[in-house]
Structures are given as structure tokens and as C-alpha cells.
Amino acid sequence: MSPICDNLWAIMPGQILLFFSGVAVVSALGSLTTSYYYVRFVAGSDIRQEGSSTAGARNVSRLLGRKAGIAVAVADLTKGVAAAWIGTHIANSVVLSPLIMAAVVIGHIWPVQLGFRGGKGLAAGFGVLLWLSPVTAA
């Protein structure tokens, strides 16, 4: 059998509980759509109704300037790094860790509190990649 299959059978019941807890925490973290809340706080408008109608750092930079776009991009990237850290340290499994890491991107793209209309997940996904392989990210 391959190492992944061997690891699949080595998953303990306690890891399953940690896995679901990790997915819940990380998807909630991903659902915190930084661009939406930043524009709502600073300009008092819904970013999904302005510019390109997307909730992303590029649209924030179009509306509020370059510094605001960079701040939102860094916050989204940090969400991805945090999710990857949680996936690595909580699940500690070749099978479960990537699923936890994917939850942040899924939460970012389809945030529940915004009616499943979020960003594209690029910065959050890049944050996960940055944690997993900084050389590849560079």
C-alpha cells in the first residue's frame, strides 16, 4: 500500500474530532472576508456593489487606494498561513491536514454570513502555499 493509504487507516477517533474542530475553526477564519469588512468600516459601503463587484484586495485597491489593497491582501494571506499552521499542528495527518487547509479557501470563496458571495481565494490559497513550500511560493 502507499503511504497515504497506510496513514488513512492510522487515523484515530481523537484525530477525527480534532479534524472537524479544525475545519470549523479554519472555515470560520476563511469566512472573515477582510475586504468586505474593511470597506464597510472605512467607506460604509458593500464592496460587492462597487467596482468589479468582487470581494477582493484588487477591488479594494481600486476603490480605496493601493495601501488599503495591500493591507487586505496581507490579512487574507495571513489567514491562509494561520490555516496551514492549524492544519499542520492540529490534524498531524497526511490525509486530514490538506482538507483543513482547503477549508480556509472554501470559507473565503463562499462565506456563509455574506450569502456565499466572497472573494476568489487567491491570497488565502497563496498563504497556505507559503506555509507548505516557501520556495515554491517565491
A careful count of residues in region 99-118 that are open to solvent by 20 Å² or more (accessible area, probe 1.4 Å) and part of a helix (DSSP H, G or I) gives 7
Does I106 fit the bill of being modelled with pLDDT of 90 or more and either more than 13 Å from V23 (Cα to Cα) or within 12 Å of the chain's Cα centre (by Cα) (or both)? yes
Result of the Cβ filter at 6 Å on region 104-124, keeping first residues that are over 17 Å from E50 (Cα atoms) and partners that are modelled with pLDDT of 85 or more and among the acidic types (D, E), at least 6 apart or interchain, is A123/D76; A124/D76
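The values are calculated or read from the model by the stated rules, or taken from the named source; none is laboratory data. Predicted, not measured: the structure shown is a model, and the values here were computed from it. Note that we place each Cβ from the backbone using ideal geometry, even for glycine, and neighbour counts take in every protein chain shown. Note: accessible area is taken over every heavy atom of the protein model, side chains too, but ligands, DNA and RNA are not part of it. Shrake-Rupley method; radii C 1.70, N 1.55, O 1.52, S 1.80 Å.
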